[in-house]
1. With (1) of a type outside the set (S, T, Y); (2) modelled with pLDDT of 90 or more; (3) buried (at least 18 other Cβ atoms within 10 Å of the Cβ) as the list, and G219 as the residue in question, which single condition is left unmet?
2. Applying the selection to segment 173-186, what residues are surrounded by fewer than 17 Cβ atoms within 10 Å (Cβ to Cβ) and of a type in the set (V, I, T)?
3. Does Y147 qualify as being at pLDDT 95 or above, within 16 Å of L22 (Cα to Cα) and of a type outside the set (A, V, I, L, M, F, W, C)?
4. Can you find a residue in segment 181-194 that is assigned to a helix (DSSP H, G or I) and either among the aliphatic types (A, V, I, L, M) or on the phi < 0 side of the Ramachandran plot (or both)?
5. Given the criteria surrounded by 16 or more Cβ atoms within 10 Å (Cβ to Cβ) and at pLDDT 95 or above, does L129 qualify?
6. Limited to segment 145-166, what total is found for residues that are open to solvent by 20 Å² or more (accessible area, probe 1.4 Å) and closer than 30 Å to G69 by Cβ?
7. For segment 173-196, which positions are more than 22 Å from the chain's Cα centre (by Cα) and modelled with pLDDT of 95 or more?
8. So for segment 245-259 (the condition being at pLDDT 95 or above and open to solvent by 10 Å² or more (accessible area, probe 1.4 Å)), does at least one residue qualify?
Amino acid sequence: MGTSSESSGPATVDLFCGAGGLSYGMQKAGVHVVAGIDIDPACRYPFEENVSAPFHQRDIADVSADFVGSLFPETGPRVLAGCAPCQPFSSYTNGREPDSGQWGLLDRFGALVAELKPEVVTMENVPRLTGRSVFEGFLSVLKKAGYHCTHSVVRCAAYGVPQTRPRLVLLASQLGSIELAAPTHPDGGCVTVRDTIGHLESIPAGGADKADPMHKASGLSEKNLRRIRAAKAGGTWRDWDEKLRAPCHTRSSGRTYTGVYGRMEWDLPAPTITTQFHGFGNGRFGHPEQDRAISLREGALLQTFPSDYSFVPEGNSVKIGPIARLIGNAVPVKLGEAIGKSIVDHLEEFS
């Protein structure tokens, strides 16, 4: 069970809360999360079980400011947090500007802020959102509502997340200037894959640890098993015999995609953990030594969820695809903790 919802501190409603990575991290820093809202019903159990706050299954596009406002206590500083779904702005769009219908949730987030005027606002998202017209519009709404805004693209590894993942973090306050807390792991002090998952039991592709149902890996076809056995930690499919290479890699359009069918390296951070991390062919998601993709538990640990974070009720079937989606979509807990510390320090400064 996570941090108690009865803890003291500034009160937060987490829009687009997902499985609770941001909320859990913020609570570790002393922020009191009073509610989470998300359209995905699969988020209810992990959010309520670990964050210990009510979950409301609602579409943010249809949520009123009155409803969100009713979730806050009557007194004390209010924090509105959110990470609008980032797929339209991810690197998979290949630089295309998404159509206006795809960014409506960020516009809605801005409208809620303008109407509620919480003391502090925070948003985490993909770096490619910066410079987009929708983000500039969001900033304009906040500034017109009287907020002091700061935003930057941060290296998650600088905050103890064992990934190369970069993320956009925005902080805004009605009270005065607000900054993201200083890195806990500056250059040269990154947490590695070995530090994070090196202690776990060895399991085969398609297998699971009897002591931990979440330590479960996807199966591999016979050909992919041969491919991963030929893969070197940190290497690429170019290291393989040509007979093992996928047809797409022989075409000119696929020759530069060397970040798939790869193994992680023990003594470096992992690549960005996506919703597809359970598949060896989906990125550099091969275990450094074992002939399989990383397990659900390994993905969760690399997202800095604690080892006892529960994603499904005890005794329920552990389904790899749905749980990997929750893990990959989450804000890394350690980054959430850094955001929470920034807010707590800011509110203490202006109290």
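The values are calculated or read from the model by the stated rules, or taken from the named source; none is laboratory data. These numbers were taken from a predicted model, which means no experiment stands behind them. For neighbour counting, all protein chains shown are included, and Cβ atoms are generated from backbone atoms with ideal geometry for every residue, glycine included. Note: areas computed on protein heavy atoms with side chains; ligands, DNA, RNA excluded. Shrake-Rupley method; radii C 1.70, N 1.55, O 1.52, S 1.80 Å.
1. Condition not satisfied by G219: (3).
2. The one that is surrounded by fewer than 17 Cβ atoms within 10 Å (Cβ to Cβ) and of a type in the set (V, I, T): T184.
3. So Y147 fails the test.
4. The answer is yes, given that some residue of segment 181-194 is assigned to a helix (DSSP H, G or I) and either among the aliphatic types (A, V, I, L, M) or on the phi < 0 side of the Ramachandran plot (or both).
5. no
6. The total comes to 6.
7. S173, Q174, L175, G176, S177, I178
8. No: zero hits.
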